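Have a look at the structure below, then the notes.
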Amino acid sequence: AMQVKLNCSDKTLVNFTDTSIVDIEHTWDFGDGTTDNTKNPSHVYASPGTYTIHLYTENKTCKDTASKTIHVINEQGTMSLPGSAFCRETSIDVDITGVNIDNIRNTRWNFGDGTLITVNGDTKASHVYTITGKYKVSAVMTDLNNCQYFYTWPDSVNIYGPTANYVSSQPDICSGYS
């Protein structure tokens, strides 16, 4: 039997633990053409992907094999906004581009105006600002291994729009008319 621990700070590093009882020999096949004979190895995968791990154990009388499929995920991506200046009441589409969407559990967007939007299985969201001002946009993307990726738009998003505020120079001109 085996345990597999994926590492969110170094996403291509995987730690393996042989939980077999009374094994004398063990051989790990990491599914990428490399093997190891230590009891509890660590392995760095050259690239993200799906790998089937095999642990071959043997003692004086028995042999056994344990197998497990793992998904090594390292989605970096780039935050994408169509600009930094928008009119109030305009729908703004945001995204994390350059990722394999099949590896994404969810993305949580913070639009800086109190609006938080979580999209499951995707990276895209839309938002409409209703108040003029400057806002910081950020996102946290979580992959299927529960590793998180943090993004912040480098500039403030500026929302512009007129505010109607009319005062007549002749306030009594329409008195008596309705």
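None of the figures in this text is laboratory data; all of them are computed from the coordinates on show. Note that this is a predicted model, so its numbers are computed, not measured. Glycine also receives a Cβ, built like all others from the backbone with ideal geometry; neighbour counts cover every protein chain displayed.
Some points to look at:
- Note on the chain: Rg/Rh from C-alpha atoms, Kirkwood Rh, equals 1.35.
- R0 of 30 Å, Cβ-Cβ distance D64-D102: FRET efficiency to nearest 0.05: 0.35
- For the stretch 1-157, the tally of Lys pairs with Cα-Cα distances below 19 Å comes to 7, considering only residues 8 or more apart or on different chains.
- Longest exposed-site-free window of the chain, the sites being chymotrypsin sites (Phe, Trp or Tyr not before Pro) in a DSSP loop that have at most 12 other C-beta atoms within 10 Å: 1-165
- Of all the options D143, D113, D64, the one that moves most in a Gaussian network model of the chain with Cα springs shorter than 10 angstrom is D64.
- Cα-based shape type of the stretch 1-41, given that a ≥ b ≥ c are square roots of the gyration tensor eigenvalues and the cut on a/c is 1.5: oblate
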